[in-house]
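Here is the structure we will look at.
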Amino acid sequence: MIGPPGVRGLRAAALISVVLGASASPAASQPPTCEFTPAGDAGGRMPGLIIGADALLPAGPQPGHGVHVRWNGGIGRVTDFVALRAAVPDAAVLDCRGRAVLSPGFVNAHEHPATSYAFPDPNLHPGYAHRDEWRLGAGGKAALAIPERYGFAPDNPRTSAVLTAMELRHLLGGATTIAGSGGAPGVIRNVGRQERPGDLTLYDEEADVRTFPFSFSVVEDLAAECRGGPVHTFPPGRDDDLTFMAYVPHVGEGRPTSCAARAEVARYLERVKRSDRRYSLVHGVATDGDDYAVMREFDVTLVWSPRSNLALYGETIDLPAALESGVRIALSTDWSPSGSFNMREEVRCARRVAEASGAELPAEALWRMATGRGAYALGLEDRFGAIRPGLRADLMLVRHAGGDPYETVLTAGDEDVLAMWVDGRPLLLSAALDARLSERECVTLPGVAPRVCGVLEDLDLSPGEFGDLTRDAVPVNDVRRQAPCEP
């Protein structure tokens with residue numbers, strides 16, 4: 001069963017007693033990926049784990065650096081590896097310097113976890129002008145099927161397994177945080193609004209991720225206005241006073257030729273001028289250069305999901321104008337019915353859009369869109385999204401053979417993922433690392449290179465049972481059936 005709130009931090013205490021190292025299975029001719037030293041006798045203290053690698057810090061790459069993962073799942077000292085070992089002499093050590101890159105996990109700033117287990121509708125096409133057309137059949141367009149919302153329920157093995165598989169899929173794709181309603185406790189870090197008792201276990205942090213800021217049927221509401229009639233007045237927003245959390249809604253989700261989509265953008269940008277909270281804007285297909293100037297002035301992050309935009313509307317944001325304006329952009333996957341199956345696939349799609357539009361989007365910029373800028377969009381940059389003392393230890397360690405370390409992180413395959421930590425708890429471990437890095441049982445899922453630690457144990461499922469329950473859902477490690485990315 002899933003543990004109570006705070007269990008991740010308690011489980012991170014396993015770091016004080018583990019022995020880390022390379023598996024005995026690789027051929028002797030291959031050098032170990034990481035050298036290990038077990039934790040020393042600290043006289044009852046909890047010294048944690050030192051990771052040595054080429055670290056991607058906010059200021060840039062730092063070869064041969066050390067990061068101290070404290071016993072409570074937080075990041076402690078971040079400094080030169082040799083100096084760190086001297087400062088925390090009893091800590092366990094995983095020395096991967098020159099052979100691995102350590103990065104913060106990706107922050108997926110917009111998802112719909114409760115429905116992101118489903119494959120794209122066979123009738124999916126890029127001919128819609130506004131979301132109300134594919135959602136509601138507005139304008140005589142054929143509506144797409146909306147997947148049933150799944151909720152995590154310990155007494156329902158099927159839905160719990162499917163949601164867990166969704167989170168493992170994102171974890172394998174580099175994400176340690178997902179923002180959106182739904183999900184599974186105890187796997188990836190979930191960000192949403194805590195409204196029900198179970199949300200205290202599910203949502204590690206809070207952001208206001210209500211989907212639509214004005215109406216669930218904007219095209220209908222604005223029909224008269226868009227024909228030249230009187231300006232429509234929407235009723236005051238429910239919970240507009242939640243200024244203690246960031247607001248991250250869908251806005252301008254339709255082509256620039258859609259009057260309703262453009263009206264959403266204009267109204268929302270008037271709202272953000274209140275400057276009473278952190279504001280972000282999801283999708284924004286209907287935005288333009290003037291909008292980006294306002295967004296930059298009022299510190300609004302554009303949360304961009306290029307694959308889903310292209311699959312539904314045939315176009316996405318004006319990327320060259322957005323980059324030229326300096327507006328902050330964060331990447332997100334949206335959901336599996338029209339978006340990328342994981343964040344690395346979203347990066348791949350963003351690159352195709354940049355190439356097609358003539359925009360320059362280097363690896364470092366994409367990495368920042370996938371990490372710290374996502375955390376900023378959620379108003380949680382002081383909790384995660386970077387390797388910095390005091391933040392949570394949400395980390396990825398990937399094999400590195402040289403070259404651009406940002407590129408290494410963005411393009412890593414399953415076999416390159418050495419470890420993924422959430423709150424200092426290792427959830428994925430390569431066979432190149434000793435399973436004792438985790439106090440929990442690590443098991444192998446078919447076709448998945450790194451082992452999964454503790455997750456199936458919490459569900460009380462074997463790998464075979466887990467596979468049977470998730471057979472019809474989007475796979476953990478297969479992206480072939482995701483929507484196309486065709487700029």
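Remarks
- Count of residues meeting criterion [among the small types (Gly, Ala, Ser), open to solvent by less than 10 Å² (accessible area, probe 1.4 Å) and out of contact with any helix residue (DSSP H, G or I) (no Cβ under 6 Å at 6 or more places or on another chain)] in the range 355-390: 3
- Hits in the range 338-351 (condition: in contact (Cβ under 8 Å) with a residue 60 or more places away in the chain, open to solvent by less than 10 Å² (accessible area, probe 1.4 Å) and either within 15 Å of residue 115 (Cα to Cα) or among the small types (Gly, Ala, Ser) (or both)): 338, 339, 340, 341
- In the condition set (1) within 24 Å of the chain's Cα centre (by Cα); (2) modelled with pLDDT under 95; (3) on the phi > 0 side of the Ramachandran plot, residue 60 is compliant with all but (2).
- Condition check for residue 401: among the aliphatic types (A, V, I, L, M) and buried (at least 16 other Cβ atoms within 10 Å of the Cβ): no
- The range 315-371, residues that are small (Gly, Ala, Ser), under 19 Å from residue 180 (Cα atoms) and outside any helix (DSSP H, G or I): 330, 332, 336, 338, 339, 340
- Number of residues in the range 224-252 that are within 26 Å of the chain's Cα centre (by Cα), crowded, with 16+ Cβ neighbours inside 10 Å and not small (Gly, Ala, Ser): the value is 7.
- Number of residues in the range 356-371 that are closer than 15 Å to residue 317 by Cβ, hydroxyl-bearing (Ser, Thr, Tyr) and either in contact with a Ser or Thr (Cβ under 8 Å, 6 or more places away or on another chain) or free of Cβ contacts under 8 Å to residues at least 60 places away in the same chain (or both): the value is 0.
- Residue match in the range 134-151 (condition: crowded, with 20+ Cβ neighbours inside 10 Å and under 21 Å from the mean Cα position of the chain (by Cα)): yes
- Count of residues meeting criterion [more than 21 Å from residue 368 (Cβ to Cβ) and touching a His at 6+ places or on another chain (Cβ under 8 Å)] in the range 151-179: 0
- For residue 256, the criteria (1) open to solvent by less than 50 Å² (accessible area, probe 1.4 Å); (2) over 22 Å from the mean Cα position of the chain (by Cα); (3) modelled with pLDDT of 95 or more; (4) not aliphatic (A, V, I, L, M) hold in every case but one, which is (1).
- Total residues in the range 192-251, condition aliphatic (A, V, I, L, M) and in a loop (DSSP other than H, G, I, E, B): 8
- Failed condition for residue 221, given (1) touching a Gly at 6+ places or on another chain (Cβ under 6 Å); (2) farther than 20 Å from residue 327 by Cβ: (1)
- Meets criteria (farther than 21 Å from residue 173 by Cα and open to solvent by 10 Å² or more (accessible area, probe 1.4 Å)) for residue 328: yes
- For the range 107-125, a tally of residues being in contact with a strand residue (DSSP E or B) (Cβ under 9 Å, 6 or more places away or on another chain) and open to solvent by less than 30 Å² (accessible area, probe 1.4 Å) returns 7.
- Against the conditions (1) within 24 Å of residue 217 (Cβ to Cβ); (2) open to solvent by 10 Å² or more (accessible area, probe 1.4 Å), residue 128 satisfies every one except (2).
- Any hit, the range 435-448, residues being in a strand (DSSP E or B) and either touching a helix residue (DSSP H, G or I) at 6+ places or on another chain (Cβ under 6 Å) or not small (Gly, Ala, Ser) (or both): yes
- Within the range 237-253, considering residues that are more than 30 Å from residue 315 (Cα to Cα) and among the aliphatic types (A, V, I, L, M), the one modelled with the lowest pLDDT: 242
- Residues that are more than 20 Å from residue 242 (Cβ to Cβ), of a type in the set (A, V, I, L, M, F, W, C) and surrounded by fewer than 24 Cβ atoms within 10 Å (Cβ to Cβ), drawn from the range 272-303: 293, 294
The values are calculated or read from the model by the stated rules, or taken from the named source; none is laboratory data. These numbers were taken from a predicted model, which means no experiment stands behind them. Cβ: placed from backbone, ideal geometry, glycine included. Neighbour counts: every protein chain shown. SASA here: full protein model, heavy atoms, side chains in, ligands and nucleic acids out. Shrake-Rupley method; radii C 1.70, N 1.55, O 1.52, S 1.80 Å.
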